[in-house]
Every structure is written in structure tokens, then in C-alpha cells.
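Presented below is the structure to which this report refers.
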């Protein structure tokens, strides 16, 4: 555990660890098997304070700094990667509202976001707009007292249960950065259609939805920032979100390491434990080294964010390294288990599938490399 984490936050991290390993491990296996939403536990998440991690104490949340927050996401992901991303996306939206909503809206909505029936979500991607958000076609048309949003959003985490959605929509007529704005949408309207996306490779306990917006009303004061600030707000939110996904990846890797270590000690071949073989030992050594390196990158990015300093490059580096390491580690975990790693009875099979998404959402590995190179070249 990082020495920079205060004692009270260390206690919170430990409490989340105990809760996750005691309550979520078995549930996550069921959610994966049955493709059932972990949001059935939202009341528990609320009672644990997980929905208010990044909500200020003055608004009824816990106001957890980014460094201990990353440890909490890692502990959740160790037991349930689906819960980890559910909480991470919710927290990312909480922060976007705190930073960019008008004061009255900010105060009113933030007080609700720590509760079980006010889950938040981020709606940027579309069927033809993923890594390139400037291709988004969802439009926001001005109407008396506000806006009407029309279009289709894709791959929306928390999309079935969520109430508060941060939505990117086109307010101009071109592809320029000032042609998009960001809106805070209350999805409890008849003009919002939600369609669950099933058949995912992994994180099957996390909700993923397609959303069709048919002239959905958004009040004028639910515009985040200024007209034309949409892409800027999206990128700002994603910077913080990448720290959360890096922590999720680290949690998956930690779970894989513990499982492969225990199995290597127990599994006998050639009349001795396979842990005695150098090939296995090197897999374990590489894994521990990569996880420690990932954790240091995560903590550096989180500490910079806590200090109010630029952290875009560092967040992308943490997300790139941690997510790709998690995929390598999950591969090793299956390899150590041999044929047993290829069946659902052993958890490494699920973790192998869960790890894969970490190199895709909140920006693919290719986008992270682009961001890192861009920041370096700005010099």
C-alpha cells in the first residue's frame, strides 16, 4: 500500500477489500455465468459508500482523493471487474458534474449521486464514432428553456440502470472542436430507449447498452461548461477515467497472480510441484514485476491529479501499461493452469476474458500511444 495514503483512507481501502472478497467474488462468477447486472447490488454499494467516493463530503460523499480511490478500484476489480468499472464510470461522471455543472445544478445533483437510485453514466460513443468522437451525429437543438437531444449512443456502461448521463452532442454544423457540447441528461424520460447489449466476451456483470434519444429534453442549466466545450470536457473526464481503468486492470492482474501462484504450489507434475520449474517461476517473477510497475504508474498519475497538476500523459501511460500487462498476466495464468485454465470452473478463464476490455474502453491502447506521443512532442 502506498505510504502517501492517509490512515483513514487505508482503513477504507481495507474495508472495501474485505467486502469485495467476502461478498463479490462468488457473486461475480454468477453475474458472468448468467450475464446478469451487478447493479442488483446498488443498495450495498451505497451502504459501503462506493457511489460517493468522488463526491465531496459537503455534498454527502466521501471525497476520497485519487490515490486511495485507485486502490479501492483495484480491490473491487480483484473480486469483480464488473463492479470496478461500474463504480469507476459513475465516479468519473460525478467528477465531471462537480467540475463543469452550474453551481445550482451541481449542488442539487451531486447530493443525489451517492444514493442507490441515481447511478451515473457517460454517453459519448456512437455506432460510427468510437475513438473519433468528432464523428458523433447526436444533435442538440435549442428549444424554449433548454435543448432536445436526438441520436444513438453505443457501448454505454451503466446504460440500463443509470439515471444521470453525461452526453456529448453536436451543437454546430461542422467537425470542429467547438461544434460539440456536453449535457447532463436525466434518462428517466419516455423519449429515452435503452437496449441491453448481450453476448460480451467479458465483464458480463457490467451493464452495456445502446441508447436511442428521441428529442430528449435537457434544461438549459444542464449544459456542462459553455456551448462548444463538449470535446474538452470529454477529454478531461477520460483523463481521470483512465486512472480508474488502469487500477481495474491492476486488480485483475493481482487476482491472476494469486490464483496462478496457489495453483503452481499445488499442481504436481513429474513428481513435484510445477512451482519448482523455472518456466513457471519466471512467469510469476515477470508478473509481480509488471504489477508493481503498473501500480507505481497509477499512483504517479493519481498523485498529480490530486495535486492539481497536469496528468494527461501520465494517465495514458498508466492505462496503457496496466491494461496490456493485465492481458499478458491473464495469458500466463491460463497457461500455468494448463487445460484447467480453459474451462469456466477455474476463475482464470473468466479473468482472461475480463482483462481484454481494459485495452479498449476509455481509449484503446493505440489512442493512449497517440496521447503520450502528442504530449511528448509538445515538449
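The values are calculated or read from the model by the stated rules, or taken from the named source; none is laboratory data. Computed from a prediction, not measured in an experiment: that's the story for all the values here. Counting neighbours? That spans all protein chains shown, and the Cβs are built from the backbone with ideal geometry, glycine included.
For every residue, the table says whether it meets (1) in a helix (DSSP H, G or I); (2) over 18 Å from residue 203 (Cβ atoms); (3) in contact with a strand residue (DSSP E or B) (Cβ under 8 Å, 6 or more places away or on another chain); (4) not assigned by TED's automatic domain parsing to the domain that holds residue 208.
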residue: 316; (1), (2), (3), (4): yes, yes, no, yes
residue: 323; (1), (2), (3), (4): yes, no, no, yes
residue: 329; (1), (2), (3), (4): yes, no, no, yes
residue: 341; (1), (2), (3), (4): yes, yes, no, yes
residue: 345; (1), (2), (3), (4): no, yes, no, yes
residue: 349; (1), (2), (3), (4): yes, no, no, yes
residue: 354; (1), (2), (3), (4): yes, no, no, yes
residue: 363; (1), (2), (3), (4): no, no, no, yes
residue: 373; (1), (2), (3), (4): yes, yes, no, yes
Note on segment 284-307: residues over 21 Å from the mean Cα position of the chain (by Cα) and surrounded by fewer than 22 Cβ atoms within 10 Å (Cβ to Cβ) are 284, 285, 286, 288, 289, 307
If you go through 151, 61, the only one that is in contact with a strand residue (DSSP E or B) (Cβ under 8 Å, 6 or more places away or on another chain) and farther than 24 Å from residue 36 by Cα is 151
Hey, can you tell me all the residues within segment 148-158 that are in contact with a helix residue (DSSP H, G or I) (Cβ under 7 Å, 6 or more places away or on another chain) and part of a strand (DSSP E or B)?
157
Which residues, counting only those in segment 16-43, are closer than 24 Å to residue 98 by Cβ and over 18 Å from the mean Cα position of the chain (by Cα)?
43
Could you check segment 65-122 for helices (runs of 4 or more DSSP H) lying wholly inside it with 2 or more residues that are in contact with a strand residue (DSSP E or B) (Cβ under 7 Å, 6 or more places away or on another chain) and more than 19 Å from residue 226 (Cα to Cα)?
81-100
Say whether the condition of being in contact (Cβ under 8 Å) with a residue 40 or more places away in the chain and either within 12 Å of the chain's Cα centre (by Cα) or assigned by TED's automatic domain parsing to the domain that holds residue 318 (or both) is met by at least one residue in segment 92-107.
yes
Got a sec? Which strands (runs of 3 or more DSSP E) wholly within segment 159-277 have at least 1 residues that are touching a helix residue (DSSP H, G or I) at 6+ places or on another chain (Cβ under 9 Å) and surrounded by 18 or more Cβ atoms within 10 Å (Cβ to Cβ)?
164-170, 180-186
Would you pick out the residues in segment 107-144 that are over 22 Å from residue 212 (Cα atoms) and surrounded by fewer than 18 Cβ atoms within 10 Å (Cβ to Cβ)?
107, 108, 111, 112, 115, 116, 144
Would you check if there is a residue in segment 143-166 being without any contact (Cβ under 8 Å) to a residue 24 or more places away in the chain and either within 25 Å of the chain's Cα centre (by Cα) or not assigned by TED's automatic domain parsing to the domain that holds residue 36 (or both)?
yes
Selection status of residue 19, surrounded by fewer than 20 Cβ atoms within 10 Å (Cβ to Cβ), in a helix (DSSP H, G or I) and at pLDDT 95 or above
yes
For segment 31-52, indicate whether the set of residues that are closer than 26 Å to residue 224 by Cα, buried (at least 23 other Cβ atoms within 10 Å of the Cβ) and either touching a helix residue (DSSP H, G or I) at 6+ places or on another chain (Cβ under 6 Å) or in the same structural domain as residue 223 (by TED's automatic domain parsing) (or both) is non-empty.
yes
For a quick check of your reading of the model, give me the residue pairs whose first member lies in segment 281-303 and is closer than 13 Å to residue 317 by Cβ, whose second is surrounded by fewer than 18 Cβ atoms within 10 Å (Cβ to Cβ), with beta-carbon atoms closer than 7 Å and at least 6 apart or on different chains.
299/2
